[in-house]
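The values are calculated or read from the model by the stated rules, or taken from the named source; none is laboratory data. Here the structure is a predicted model, which means the values were calculated and not measured. As a convention, Cβ positions derive from the backbone with ideal geometry for all residues, glycine included, and neighbour counts pool all protein chains shown.
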Amino acid sequence: MPQLDVSQLRCPMALLEVKRWLHQQVKATQCSLLITGEQECRDILRYLHMAGFTLLAQYWRGSQLQLTLTV
């Protein structure tokens, strides 16, 4: 499963990197995102919801949010 770790990036770079990366993924595949930061999580979750991505799972690993989604 492809994974992207944007935990070291801050807004708006984290959101831009997620958009770029998701655009490169093959349709109907599962992907994993690792995000840190309250604002980054909010912005990325809002984008994923508005873009119609299906979140399969999400859980916190310490201060990082791990998302699994279908492209």
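Collect the residues in the range 1-16 that are in contact with a Leu (Cβ under 6 Å, 6 or more places away or on another chain) and either closer than 15 Å to Thr70 by Cβ or at pLDDT 90 or above (or both), keeping them in residue-number order.
Of the range 1-16, the ones in contact with a Leu (Cβ under 6 Å, 6 or more places away or on another chain) are 4-5, 7.
Within the range 1-16, Leu4, Asp5 meet the criteria.
Among residues belonging to the range 50-71 that are hydroxyl-bearing (Ser, Thr, Tyr) and under 21 Å from Met13 (Cα atoms), point out the one that is surrounded by the fewest Cβ atoms within 10 Å (Cβ to Cβ). Give the derivation first.
Filtering the range 50-71 down to residues hydroxyl-bearing (Ser, Thr, Tyr) leaves 54, 59, 63, 68, 70.
Cutting the leftovers down to under 21 Å from Met13 (Cα atoms) gives us 63, 68.
On the way: Ser63: 10, Thr68: 16.
The qualifying residue surrounded by the fewest Cβ atoms within 10 Å (Cβ to Cβ) is Ser63.
Checking the structure you have, find out if any residue of the range 32-49 is surrounded by fewer than 16 Cβ atoms within 10 Å (Cβ to Cβ) and assigned to a loop (DSSP other than H, G, I, E, B). Even if it seems obvious, please write down each step before you answer.
Kept after step one, since they are surrounded by fewer than 16 Cβ atoms within 10 Å (Cβ to Cβ), are these residues of the range 32-49: 32, 34, 38-39, 42, 46-47, 49.
From what is left, the residues that are assigned to a loop (DSSP other than H, G, I, E, B) are none.
Scanning the range 32-49, I find no residue that is surrounded by fewer than 16 Cβ atoms within 10 Å (Cβ to Cβ) and assigned to a loop (DSSP other than H, G, I, E, B), so the answer is no.
Against the condition among the aliphatic types (A, V, I, L, M), exposed (fewer than 11 other Cβ atoms within 10 Å of the Cβ) and in contact with a Ser or Thr (Cβ under 9 Å, 6 or more places away or on another chain), how does Ala28 come out, does it pass? I'd like the intermediate steps shown before the answer.
Values: among the aliphatic types (A, V, I, L, M): yes; exposed (fewer than 11 other Cβ atoms within 10 Å of the Cβ): yes; in contact with a Ser or Thr (Cβ under 9 Å, 6 or more places away or on another chain): yes.
For Ala28, the condition - among the aliphatic types (A, V, I, L, M), exposed (fewer than 11 other Cβ atoms within 10 Å of the Cβ) and in contact with a Ser or Thr (Cβ under 9 Å, 6 or more places away or on another chain) - is met.
Any residue at all in the range 53-70 that is of a type in the set (A, V, I, L, M, F, W, C), part of a helix (DSSP H, G or I), touching a helix residue (DSSP H, G or I) at 6+ places or on another chain (Cβ under 9 Å) and at pLDDT 90 or above? Give the derivation first.
Looking only at the range 53-70, we keep the residues that are of a type in the set (A, V, I, L, M, F, W, C), and these are 53, 55-57, 60, 65, 67, 69.
Keeping just the survivors that are part of a helix (DSSP H, G or I) gives none.
Looking through the range 53-70, none of the residues is of a type in the set (A, V, I, L, M, F, W, C), part of a helix (DSSP H, G or I), touching a helix residue (DSSP H, G or I) at 6+ places or on another chain (Cβ under 9 Å) and at pLDDT 90 or above.
Could you check how many residues of the range 1-11 are surrounded by 12 or more Cβ atoms within 10 Å (Cβ to Cβ) and either part of a loop (DSSP other than H, G, I, E, B) or over 12 Å from the mean Cα position of the chain (by Cα) (or both)?
The total comes to 6.
State whether the residues of the range 12-25 include one that is in contact with a Pro (Cβ under 9 Å, 6 or more places away or on another chain), in a loop (DSSP other than H, G, I, E, B) and of a type outside the set (Phe, Trp, Tyr).
For the range 12-25, residues in contact with a Pro (Cβ under 9 Å, 6 or more places away or on another chain), in a loop (DSSP other than H, G, I, E, B) and of a type outside the set (Phe, Trp, Tyr): present.
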